[in-house]
Amino acid sequence: MNRPDTYTTLISMRAALTNRRADLPTIERHSDPMDDVLANQLRDFMARDLQRDARTLREIDAALQAIQDGTYGVCVDCEEEIAEKRLAAVVTAIRCRACAEALERRQAAELEGEAA
């Protein structure tokens, strides 16, 4: 994936997320307790959705900045080139596959340590 195509893809992804966030429904309080329970569940779901969208927007913005800086496609850990195949699959990737897998293993080990 060449850089102009990547930039266009990232801008499109950003616009779609921004528009989606603008279309969120408002949740009102109801006199029926069951309606309030459902409204609370919807509110929780929307909050998780917004958190995921915010994380994705940060990743998109970081990728756009990396394109401007000339560092897009370079792993932040080992500073090796990220495979084009990986970038095509995960356009916001900041780590090569090996470093991403190593990070996931470390995070999993930390979670296991916390659970023990």
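The values are calculated or read from the model by the stated rules, or taken from the named source; none is laboratory data. Computed from a predicted structure; not experimentally measured. Counting neighbours? That spans all protein chains shown, and the Cβs are built from the backbone with ideal geometry, glycine included.
A few comments on the model shown:
- Restricting attention to segment 69-89, the residues that are assigned to a loop (DSSP other than H, G, I, E, B), among the aliphatic types (A, V, I, L, M) and over 14 Å from Glu59 (Cα atoms) add up to 2.
- Test: residue in segment 34-44 that is surrounded by 12 or more Cβ atoms within 10 Å (Cβ to Cβ), in contact with a Lys or Arg (Cβ under 6 Å, 6 or more places away or on another chain) and within 25 Å of Leu17 (Cα to Cα): no
- Every pair of residues 6+ apart whose Cβ atoms lie under 7 Å, when the first sits in segment 8-29 and is surrounded by fewer than 11 Cβ atoms within 10 Å (Cβ to Cβ) and at pLDDT 65 or above while the second is of a type in the set (D, E, K, R) and not in a loop (DSSP other than H, G, I, E, B): Arg29/Asp36
- Filter result (farther than 18 Å from Ala15 by Cα and surrounded by 17 or more Cβ atoms within 10 Å (Cβ to Cβ)) within segment 61-73: Ala66, Tyr72, Gly73
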